[in-house]
Amino acid sequence: MKLFENEYEVHLSKIEASEIEIADISKKCEIEISNQNNEGHYLVEFEGRFGFKNEILCAYVQLDWYRKFWDYPMGLMYHMDLMKRLAEFRSSEFKDISDIEFEDDGDWCHLYFTIELNSQAGKLIEAFNEAKNVMEWIDNKLNLAQEEIGLYISSITEKYSNSRLFELPELINRLNIATTDKKKKNEKGQLLEELTVRFFSEIKDLKIIERQRTKTEEIDLVILNKSSEGIWQSESTLILAECKNWTTKKAGKNEYVAFREKLVNRRGRAKLGFFISGLGYAKTFFDEDLRNSKDDILIVPIEVEEIVDVLSNGKSVQEFIEKKYIAAGK
């Protein structure tokens, strides 16, 4: 009797998939492969399932993405349309993709296609890795396009930002005034964004490709890491930075969890994040960090006052960040 003969939907961990022979699997079932983290959430590396089509093992890609949570520079529709075109190219040139379907229903965009695998014998994990490699080929092309668009938008934003014209002492002085004056809330966001951008721009080959200032004056930065020096050479392609210049509340567990989720949602391309707080950190922030210390995501806490001190006194941003990085990784 074949494995999963009486089941249609099957979930396996990667370890289980590495122990199962493709030849032993029922042709009737579809299998999802992913691991669970300590919180019980599935860490999805391949969005789709594995099953048989005319006796041939295939990977069925299932992408259902929601516009509300999309924050890349290139819009969701254009991103998925480019993905569809890349799938069509592989279908034409490599003959390993078929059944391509795309739908935009307003709130959601859906893209489905089938990867026809070469792995028809051996362990199931080999088919999983082959499907991941095909998706990585597509994702790499998409990521390059997103990065180029992000750099272009960032260059325009910088060009037309009044705060970039301020010398550093004036920028810091204006930020201090705006932080205590509720009437200057919008100006505070602009000044804080500029200060944070200048801070990370001190590091050679770190490029800001996305910047966002929310209604609550939270600053989100996405940084492209092209550095081959020091700590950066072993870090992820993307680095996230979030700045909360609160004056009445320390960052705690909720802020940590929300920021970590942003890192996770970057599809494995962001493993390092800098959380910058205006009023420091509650104990719950560090407790939550300790609870997740076995994961490969690293969140480095920095205070706004520390950034001001480093820039004001001409200290090395590289050395400062390295010390914070090492301390956070212990």
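The values are calculated or read from the model by the stated rules, or taken from the named source; none is laboratory data. Remember, predicted model here, so these are calculated numbers, not experimental data. Glycine also receives a Cβ, built like all others from the backbone with ideal geometry; neighbour counts cover every protein chain displayed.
Out of curiosity, is PHE259 farther than 26 Å from GLU187 by Cα, part of a helix (DSSP H, G or I) and touching a strand residue (DSSP E or B) at 6+ places or on another chain (Cβ under 6 Å)? Taking the combined requirement at face value, the residue does not satisfy it. I need a count of the residues in the stretch 295-321 that are in a loop (DSSP other than H, G, I, E, B) and within 16 Å of GLY273 (Cα to Cα). Counting residues in the stretch 295-321 that are in a loop (DSSP other than H, G, I, E, B) and within 16 Å of GLY273 (Cα to Cα) gives 3.
The number of residues in the stretch 59-111 being modelled with pLDDT of 95 or more, assigned to a helix (DSSP H, G or I) and in contact with a Phe, Trp or Tyr (Cβ under 6 Å, 6 or more places away or on another chain) comes to 2.
Can you name the residue in the stretch 111-148 that is free of Cβ contacts under 8 Å to residues at least 12 places away in the same chain and polar (S, T, N, Q) and is also nearest to ALA17 (Cα to Cα) among such residues? Among those residues, the one meeting the criterion is ASN129.
From the residues in the stretch 283-306 that are of a type in the set (A, V, I, L, M, F, W, C) and touching a strand residue (DSSP E or B) at 6+ places or on another chain (Cβ under 7 Å), which one is farthest from THR247 (Cα to Cα)? Ranking the candidates gives ILE297 first.
When the residues of the stretch 21-68 are filtered to those that are surrounded by fewer than 17 Cβ atoms within 10 Å (Cβ to Cβ) and β-branched (Val, Ile, Thr), the one that is farthest from ASP105 (Cα to Cα) is ILE56. Within the stretch 96-105, not a single residue is exposed (fewer than 13 other Cβ atoms within 10 Å of the Cβ) and either among the hydrophobic types (A, V, I, L, M, F, W, C) or within 23 Å of GLU210 (Cβ to Cβ) (or both). Every condition in (1) closer than 23 Å to LEU311 by Cα; (2) in contact with a helix residue (DSSP H, G or I) (Cβ under 8 Å, 6 or more places away or on another chain); (3) among the charged types (D, E, K, R) is met by GLU167 except one, and the failing one is (2). Taking the criterion of being modelled with pLDDT under 85, within 18 Å of the chain's Cα centre (by Cα) and part of a loop (DSSP other than H, G, I, E, B), the only residue of the stretch 203-239 that qualifies is GLU218.
The set of residues in the stretch 1-10 being within 30 Å of the chain's Cα centre (by Cα) and either under 17 Å from LEU117 (Cβ atoms) or surrounded by 13 or more Cβ atoms within 10 Å (Cβ to Cβ) (or both) consists of VAL10 alone. Of all residues assigned to the stretch 159-167, none qualifies as being surrounded by 20 or more Cβ atoms within 10 Å (Cβ to Cβ), at pLDDT 80 or above and either over 17 Å from THR247 (Cβ atoms) or of a type in the set (A, V, I, L, M, F, W, C) (or both).
Residues that are in contact with a strand residue (DSSP E or B) (Cβ under 9 Å, 6 or more places away or on another chain) and of a type in the set (Val, Ile, Thr) were ranked within the stretch 232-253; the one that is nearest to ASN265 (Cα to Cα) is ILE239. I need the full set of residues from the stretch 270-296 which are free of Cβ contacts under 8 Å to residues at least 60 places away in the same chain and surrounded by fewer than 17 Cβ atoms within 10 Å (Cβ to Cβ), in order please. Answer for the stretch 270-296, where residues must be free of Cβ contacts under 8 Å to residues at least 60 places away in the same chain and surrounded by fewer than 17 Cβ atoms within 10 Å (Cβ to Cβ): LEU279, GLY280, LYS283, THR284, PHE286, ASP287, LEU290, SER293, ASP296. Just so you know, in the stretch 153-171 the residues that are assigned to a helix (DSSP H, G or I) and either under 16 Å from the mean Cα position of the chain (by Cα) or without any contact (Cβ under 8 Å) to a residue 24 or more places away in the chain (or both) include one that is nearest to PHE200 (Cα to Cα), and it is SER155. Looking across the stretch 297-315 at every residue that is in contact with a helix residue (DSSP H, G or I) (Cβ under 8 Å, 6 or more places away or on another chain) and not hydrophobic (A, V, I, L, M, F, W, C), the one that is surrounded by the fewest Cβ atoms within 10 Å (Cβ to Cβ) is identified as SER312.
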